[in-house]
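A.B. asks: Okay, handing you the structure first.
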Amino acid sequence: MQPEFARGRESLCSVYAGRVRIDIVSIFPEFFGVLDISLLGKARERGIIDLGVHDLRDFTHDRHRTVDDTPYGGGAGMVMKPEPWGEALDSVLDAREAGAEADAATSVIVFPSPAGERFTQATARELALEPHLVFGCGRYEGIDQRVIDYARSRGRVREVSLGDYVLNGGEVAVMAMIEAIGRLIPGVVGNPASLTEESHEDGLLEYPSYTKPAEWRGREVPPVLLSGNHAAIDRWRHEQQMERTARVRPDLLPPLSD
Ligand code: JD8
C-alpha cells in the first residue's frame, strides 16, 4: 500500500493556483517520506508546494515490475529501461497539461546525473521560479539516454549534478535540490531576510555566528559583536567572509583585476 504522499497520481489534476507543483519519479518513493515533515511539510499544508511522488514500477506491466536490463554494447551493471520512464513522464506531464493554465513549456524535467551541470545556489534560484518541476531519479548505471531525449520533446530538461562524487542513485541529490529550491519559494521560509545572509547567496562563505552565553568553556564571543556598533559589526562580518572564502574557497573569489 503506497504511503499517503505517494498517491500523487490522484492530486496530479490539482489545478495550478500560484503554488509550485513538484513531481518525483523513483523506484524508492518511500525515500521521500521525510518531505512530509520539516519546512516542506508545512509548505505543503499551506498549499505553497504541491508534491506528487510516483513509483516507477507502477508504470511496468510484467509481474516482476522490471525497470532495468543489460546495457547494449556490454559493460558492467544494468541500465534503466525506457518504457516505464516514458509512461511515467507521460502520466505526470499529461495530467499537468490537463490543468487549467499549464502547458508543456511550464514544466522543467530535472534528471540528477554525475555527468550533469553543477547544481548551485544560482540553479536553485532559477528552479524556484518554475511552476512545475519533475525530478527523475535514476538508479543502476543510469537511465536509457532516449528517455532524456524524449523528455526534451515534452518540456525543458536539466541534467544536474550535486557534486564531483558518485552516489548510487538520484534520490539523495533530489532531496538536497528540493530543500535548496523549496526554501527559496516565497512563503516557505518564515523570515525571508534570513535567506539573504547565507553562504553562496552573495557569492561568499558566511561569517561565523555566535549566541549566548558570552563566555563558554573559556571561549569568548568576539567583543565587536557585543558592542552594538552595527557599522563595526557589518565590517567585521564582511572581513570574516572574505578571510574564510579566501582560505576555504578561493575559487569563489572574483579574479584580482590587474
Ligand atoms: C543519478 C544512477 C549511479 C552513476 C554508476 C554509480 C547526482 N553528484 C552525483 N553523483 N552521483 C549522482 C547520481 C548517480 C546515479 C544516478 C545521479 C543514477 N546513479 C550510477 C554513474 C556510475 N552508478 C549525482 N546528481
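A.B. asks: Can you give me the relative contact order of the chain as a percent, contacts being Cα pairs under 8 Å and 6 or more apart?
C.D. replies: Details: 377 pairs, mean separation 47.3, N = 258.
Once normalised by length, the contact order is 18 percent.
A.B. asks: For region 88-158, just say rounded, prolate or oblate: build the C-alpha gyration tensor, square-root its eigenvalues into a ≥ b ≥ c, call rounded for a/c under 1.5, and beyond that prolate if a/b exceeds b/c, oblate if not.
C.D. replies: Taking the square roots of the gyration eigenvalues as a ≥ b ≥ c, region 88-158 is oblate.
A.B. asks: Okay, moving on. So what is the relative contact order of region 115-185, in percent, for Cα pairs below 8 Å that sit 6 or more residues apart? Don't skip to the end; give the middle numbers.
C.D. replies: On the way: 53 pairs, mean separation 40.3, N = 71.
Result for region 115-185 is 57 percent.
A.B. asks: What shape does region 143-190 take by its C-alpha gyration tensor, where a ≥ b ≥ c are the square roots of the eigenvalues and a/c under 1.5 counts as rounded, a/b above b/c as prolate, and the rest as oblate? Don't jump to the answer; show the numbers that get you there.
C.D. replies: Details: a/c = 3.26, a/b = 1.44, b/c = 2.26.
It is oblate, given that a/c is not under 1.5 and a/b is not larger than b/c.
A.B. asks: As an exercise, identify the chymotrypsin sites (Phe, Trp or Tyr not before Pro) in region 94-186 lying in DSSP coil whose Cβ has no more than 11 other Cβ atoms within 10 Å. Working shown, then result.
C.D. replies: Values: sites: PHE119, PHE135, TYR140, TYR150, TYR165; in loops: PHE119, TYR140, TYR165.
Passing both the DSSP loop test and the Cβ count: TYR165.
A.B. asks: Once the Cβ-Cβ distance between ALA122 and LEU253 is put in as r, and R0 is 22 Å, what FRET efficiency do you end up with, to the nearest 0.05?
C.D. replies: Details: r = 16 Å, r/R0 = 0.74.
Using R0 = 22 Å, I get an efficiency of 0.85.
A.B. asks: Taking the chain as the reference, fit the longest principal axis to its C-alpha atoms, fit the long axis of helix 145-154 to the helix C-alpha atoms, and give the angle between the two in degrees, 0 to 90, nearest 10.
C.D. replies: Roughly 80 degrees, rounded to the nearest 10.
A.B. asks: Right, something else. Considering only protein heavy atoms and a probe of 1.4 Å, how much of the accessible area of the chain is carbon and sulfur, as a whole percent? Write out the running numbers ahead of the final one.
C.D. replies: Values: 7910 of 14280 Å².
It is 55 percent, rounded to a whole number.
A.B. asks: Report the full-extension gain for the segment ALA176 to SER153: residue separation times 0.36 nm, less the Cα-Cα distance, to one decimal in nm.
C.D. replies: So the extension gain works out to 5.6 nm.
A.B. asks: Excluding ligands, DNA and RNA, what is the solvent-accessible area per residue of the chain at a probe of 1.4 Å, expressed in Å²?
C.D. replies: Details: 14280 Å² over 258 residues.
About 55 Å² of surface per residue is accessible.
A.B. asks: If you fit an axis through the alpha-carbon atoms of helix 171-182 and take the longest principal axis of the Cα set of the chain, what angle between them do you get, 0 to 90°, nearest 10?
C.D. replies: 60
A.B. asks: Could you work out how far apart the two model spin labels at TRP216 and ALA232 are, taking each label as a point 7 Å from the Cα in the direction of the beta carbon, and quote it in nm?
C.D. replies: 2.3
A.B. asks: Rank ALA214, ALA122, ALA246 by mean-square fluctuation in a GNM of the chain with C-alpha springs under 10 angstrom and give only the top-ranked residue.
C.D. replies: ALA214
A.B. asks: Under a GNM of the chain (C-alpha, springs under 10 Å), which listed residue has the highest mean-square fluctuation: SER227, SER91, SER113?
C.D. replies: Comparing SER227, SER91, SER113 in a Gaussian network model of the chain, the most mobile one is SER227.
A.B. asks: Sticking with this structure for a sec: Mind telling me which of LYS42, LYS81, LYS212 comes out most flexible in a GNM of the chain, alpha-carbon contacts under 10 Å?
C.D. replies: Residue with maximal mean-square fluctuation among LYS42, LYS81, LYS212: LYS212.
A.B. asks: Using label points projected 7 Å from each Cα along Cα→Cβ, tell me how many nm separate GLU87 and GLU206, to one decimal.
C.D. replies: 4.5
A.B. asks: Set the Förster radius R0 to 41 Å, insert the Cβ-Cβ distance between TYR165 and VAL224 as r into 1/(1 + (r/R0)^6), and round the FRET efficiency to 0.05. Don't skip to the end; give the middle numbers.
C.D. replies: On the way: r = 38 Å, r/R0 = 0.92.
After rounding to 0.05, the efficiency reads 0.60.
The values are calculated or read from the model by the stated rules, or taken from the named source; none is laboratory data. These numbers come from a predicted model, not from an experiment. Positions of Cβ are generated from backbone atoms using ideal geometry, with glycine treated the same way; all protein chains shown enter the neighbour counts. For accessibility, only protein heavy atoms count, side chains too; no ligands or nucleic acids. Shrake-Rupley method; radii C 1.70, N 1.55, O 1.52, S 1.80 Å.
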